[in-house]
Each structure stands twice: as C-alpha cells, then as structure tokens.
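The values are calculated or read from the model by the stated rules, or taken from the named source; none is laboratory data. The shown structure was predicted, so the numbers you read here are calculated from the model rather than taken from an experiment. Counting neighbours? That spans all protein chains shown, and the Cβs are built from the backbone with ideal geometry, glycine included. Only protein heavy atoms, including side chains, enter the accessible area calculation; ligands, DNA and RNA are left aside. Shrake-Rupley method; radii C 1.70, N 1.55, O 1.52, S 1.80 Å.
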Amino acid sequence: GGVGDAAAEVQLSRLRWAVLLLFSSYSLCNAFQWIQYGSINNVFVRFYGVSSFAIDWLSMSYMLIYIPLLFPVAWLLDKRGLRLIALAGSALNAVGAWVKLGSLKPHLFPVTVLGQVICGLAQVFILGMPSRIASVWFGSQEVSTACSIAVFGNQLGIAAGFLVPPVLIPNVEDVEKLAYHISIMFFMTAGVASALFILVIIVFKEKPPNPPSRAQALIQSRPAAEYSYVQSILRLLRNANFLLLMVTYGLNVGCFYALSTLLNRMVILHYPGQEVNAGRIGLTIILSGMTGALISGIWLDKTKTYKQTTLVVYIMSLVGMIVYTFTLSLGHLWVVFVTAGLLGFFMTGYLPLGFEFAAELTYPESEGTSSGLLNVSAQIFGIALTISQGQIIDRFGTMEGNLLLCSVLFLGTILTAFIKADLRRQQANLENEQT
C-alpha cells in the first residue's frame, strides 16, 4: 500500500527549473575560478614570479582536494540532503573568491593559493550534484535533459574562464596596471558568488512536495534504516559494469582537464602573442561541447540507448583528438578553431552521458555516490595526465603531448565496448508502470 500510494502521488514541481538554474549558476561561478589562472598562464607567471608548473597547480588543486573529500561529502549528501550541500558549496565558493582579493601583490602568491584551495573545497560540494538534482526534481522523460543542463553550468563557467580573463587582463609590462586589471576580475567574481549564495539561501529547497517519477517514489518510500552508505559503496565497487564506466569516464574527462589546463601554453607556443585567441579556442571547445551535451541528453530521454550513445561519443572524441593533434602546428589559427570545436562537441558532450549511464547501471544506489566515484576517477587521471602532458610538452613538444591523450582515449574506447547496458532505473520505471 505504501509504495502504491507513493507512486500514485507522482507530480512535477514548477520550482524544479529555478532550482536547476540556480545550481547551474553557482556551478558556473566555481568552474570559472578553476580555469581563470590557466587561461592566461603566462600573465600570472610574470605577475607572481613563479613557474608555469606552479600556475598549473592552481588548476590541479581542484582535482587534488576532491579525491580525499568525496566520501565525506557524498555521505553528507545522503544523510542531510541537497539543501545543506548547496549552501556549503555556494558559501565556500564566495569565501574563496573574497580571499583572492587579498593576493593583488606579486609577493602574495600563497594567498591566491589559499583562495583557490577554498574554491576547490566548494567544488567537492558541486560536482556530484547534477544527476542527484535531476533524479530528485525531474520526471523520467526529462531527467537526462535536466542532468545535461546541470552539467551545462559547469561547462559554461569554464567557457567564461577561457574568454573573460584574456579580455579583462591584457599582457602589460607595468605590474601596478596588471594588479589593477586582476583586481577587476577578482571583485566581479566575488560579487557574483556572494549574490548566488544569498539566492541559494532563499530559493533552494530540499526536494519537491511530491516525487517526480515512480523510481524516485520507490526510493522515498524505502525506510531510512534499510540504507547503509558503506554497503552502498561496496555494492558499487562490486558492480563490474560501473567499474568499467568509472575507468573510462576518468580517462575521457582526465584528458579534458589536461587539455583545458595546458591549452594556453600549447597555443602560445605555436602562435605567440595570441592570448585572447587561446581563450577563444577554449571557449569554442566548451560551447560546442555544451551543444553536444544538450543533444545527447535529449537523445537519451527519447531513445534510452545509453551504451550505444556513450560508445559513439567516445569514438568521436578520439577522432577529434587525433585531428586536433595533427592540425595545431599547421600555422592556421582558423583550422585550430574548427578542430577544437569538433573535439569539444564530443569530449565535453560526454560528461552528462557518463553521469546518466552510471545512474542507470547503479539504481537504486544514490546518484551522489556514483557521480562522486566517477569524479574521483576523473580527478586522479586529470592530475596524472596534466603533469605528464605538461612535462612531455616542455621536453619534446605539443604533438607528443597530445599523442599521449590520443592513446589514452583509444584505451578508453576499447574498455567502453565491454560495458553491458544493464539499465536498472529504466527497468524500475517500466515495472511500476505495469504494476
């Protein structure tokens, strides 16, 4: 009776789009702060008087912080729910942005590191949320699209991080002028982050009054005593299909992290003085990827072909990476824009696919836990590939560095082919409709 009653009360809330938009917005702000240093790496190297590798670590700190903190935060998400995690993520994001304002002198590099570490903490409360928000707030026919839009915010933030810093901070010799331009960017970011935190306090709710889908109604009708967080993780780590997806997701997204962090260095090596265009190339990668993510989200909602879509997108990511590798050094900037757009369409478009495929393979386990494990894999591979590719570029050149990413994506494509399409969430929805 209890399950039947819960299933009968399935209803969509009008607030769901406001919650989704707000999450996407503070996720955008956090992602902007991740790449704002890397997109003008050479400018910050000169301003703070540190090495390129030190500026790379400002991006990699996000990845490093995520790994040990995933499980405590995922446990909090399961025990205390969405609202607490949203408040913590948006608050830390704002605090980190204000701390950076204390680093506007060349000798204050440690302060900017502290601000970035706090923003990295905020990211732990953000990255695992898209599939959870989609499941808790959205119906079965729009859940993949909602997840894509939630991931969108993060991608749009990276796009802004590529586009805005080169425009706001010109590569001038005068250190005082440089500090002034950097302060404008830091002030704008802190203002936006603070406004979003206030909106989260006012608008963001734990869950809608009624479950949006039968699968969610079943989860909500389950007694809390039945759920064990440790057992959930152990079940996930015994799920062979999920483990394969975890590795392949890590390889693909790790390549994306390395490419994003090192893009400025690669472009400047072949096209000196083109900082603004390096940022625009990064923007092109993200915007085309957002288009790919939206199309794949809508496609999944229509067809439910998770395995086939994931494999095709993975293969095309590999093709895009190969084409980009062999055209970067041709001397034609417009060619780089085209090939980077092709690469971004599939590589960035893969992000929500991985989350949704994981939610299907692991139902009824918490989406926050499965997403978190995917992200840990991505951070580990991201750090390893960023350091490896950076060292290869310094010693041998950009082509050799990009060939490393091509070989990694080739391995990921092969492993993806072995994942079985065990769509448990779809099965639960079908069985309840029949009942």
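I need the P(r) histogram for region 227-422: all alpha carbon pairs, bin width 5 Å from 0 out to the longest distance, whole percents.
1, 8, 16, 20, 19, 14, 10, 6, 4, 2, 0, 0
Can you find, among ALA94, GLN36, VAL200, the residue sitting farthest towards the positive end of the charge dipole of region 14-214, where Lys and Arg contribute +1 and Asp and Glu -1 at Cβ?
The residue sitting farthest along the positive end of the dipole is VAL200.
Note the direction-averaged projected area, equal to a quarter of the hull surface, for the Cα convex hull of the chain, in nm². The partial results should precede the final answer.
Details: hull surface 76.6 nm².
Taking the Cα atoms of the chain, their convex hull projects to 19.2 nm² on average.
Running a GNM on the chain with Cα contacts under 10 Å, which residue among LEU330, LEU22, LEU70 ends up with the highest mean-square fluctuation?
Looking only at LEU330, LEU22, LEU70, the biggest GNM fluctuation is shown by LEU330.
Which value at 222 nm does the chain reach when only helices count, each DSSP H run of 4 or more adding -39,500 (n - 2.57), with the total divided by all residues and rounded to the nearest 500 deg cm²/dmol? Don't skip to the end; give the middle numbers.
Details: 19 runs with 348 residues, N = 435.
Taken over the chain, the calculation gives -27000 deg cm²/dmol.
Calculated FRET efficiency, ILE295 and ILE184, Cβ-Cβ r, R0 35 Å, to nearest 0.05?
Numbers: r = 36 Å, r/R0 = 1.03.
In this case the efficiency is close to 0.45.
Work out the length of the dipole vector of region 14-214 about its Cα centre, built from +1 on the beta-carbon of each Lys and Arg and -1 on the beta-carbon of each Asp and Glu, and round it to the nearest 20 debye. Walk me through the intermediate numbers first.
Values: 13 positive and 7 negative charges, 148 e Å.
Using Cβ point charges on Lys, Arg, Asp and Glu, region 14-214 gives about 720 debye.
Test of understanding: what is the full-extension gain from LEU76 to LEU101, defined as 0.36 nm times their sequence separation minus their Cα-Cα distance? Don't skip to the answer; put the middle values down first.
Details: separation 25, 0.36 × 25 = 9.00 nm, distance 3.03 nm.
Taking 0.36 nm per residue and subtracting the Cα distance, the gain is 6.0 nm.
What are the lysines whose alpha-carbon lies under 21 Å from the alpha-carbon of LYS100, with same-chain residues fewer than 8 places away excluded?
LYS177
With a 1.4 Å probe and every protein chain kept in, tell me what percent of the accessible surface of region 320-435 is carbon plus sulfur.
68 percent
Dipole size in debye (nearest 20) for the chain around its Cα centre, Lys and Arg Cβ +1, Asp and Glu Cβ -1?
That gives a dipole near 300 debye.
Which distance in nm do the two modelled labels at ALA54 and SER388 give, with both placed 7 Å along the Cα-to-Cβ direction?
The two pseudo-label positions are separated by 2.8 nm.
Taking the chain as a Gaussian network, Cα atoms linked when under 10 Å apart, which of ILE392, ILE149, ILE118 shows the biggest mean-square fluctuation?
ILE392
Put +1 on the Cβ of each Lys and Arg and -1 on the Cβ of each Asp and Glu in region 273-428; which of GLY279, GLN308, VAL319 then has its Cα farthest toward the positive end of the dipole?
Of the candidates, GLN308 comes out farthest on the positive side.
Please give the helix 52-80 orientation as an angle from the longest Cα principal axis of the chain, in degrees from 0 to 90, rounded to the nearest 10.
The helix 52-80 is inclined about 20 degrees to the chain.
Arrange the residues HIS332, HIS181 by how much accessible surface each exposes, largest first, with a 1.4 angstrom probe. Numbers along the way, then the final one.
Details: HIS332 95, HIS181 45 Å².
Reading off the accessible areas and sorting them downward yields HIS332, HIS181.
So which of LYS207/LYS307; LYS79/LYS207; LYS205/LYS302; LYS207/LYS304 end up more than 20 Å apart, counting from Cα to Cα? Don't jump to the answer; show the numbers that get you there.
Numbers: LYS207/LYS307 30 Å; LYS79/LYS207 14 Å; LYS205/LYS302 29 Å; LYS207/LYS304 25 Å.
Violating the 20 Å Cα-Cα cut-off are LYS207/LYS307; LYS205/LYS302; LYS207/LYS304.
Take GLU275, GLU176, GLU206, GLU360 and sort them by solvent-accessible surface of the protein heavy atoms, 1.4 Å probe, largest at the top.
GLU176, GLU206, GLU275, GLU360
Work from the charge dipole of region 11-115 (Cβ charges, +1 for Lys and Arg, -1 for Asp and Glu, about the Cα centre) and give the residue of PRO72, ILE55, ALA18 farthest towards its positive end.
About the Cα centre, the residue reaching furthest to the positive side is ALA18.
Roll a 1.4 Å probe over the protein heavy atoms and report the accessible area of ASP174 in Å², nearest 10.
About 80 Å², ignoring ligands and nucleic acids.
Measure off 7 Å from each Cα along the Cα-to-Cβ vector at LEU269 and LEU330, then give the distance between these two points in nanometres to one decimal.
Output for this residue pair reads 1.9 nm.
Below 8 Å, C-alpha to C-alpha, sequence gap of six or more: please give me the relative contact order for the chain in percent. Display every interim value, and only then the final one.
Values: 745 pairs, mean separation 105.7, N = 435.
About 24 percent, as a whole number.
If I build a Gaussian network model for the chain, linking alpha-carbon pairs within less than 10 angstrom, which residue out of ALA122, ALA378, ALA54 has the largest mean-square fluctuation?
Among ALA122, ALA378, ALA54, the largest mean-square fluctuation in the Gaussian network model of the chain belongs to ALA54.
Efficiency by 1/(1 + (r/R0)^6): what FRET value for GLN426 and ARG235, r their Cβ-Cβ distance, R0 = 22 Å, to the nearest 0.05?
On the way: r = 19 Å, r/R0 = 0.85.
That gives a FRET efficiency of 0.70.
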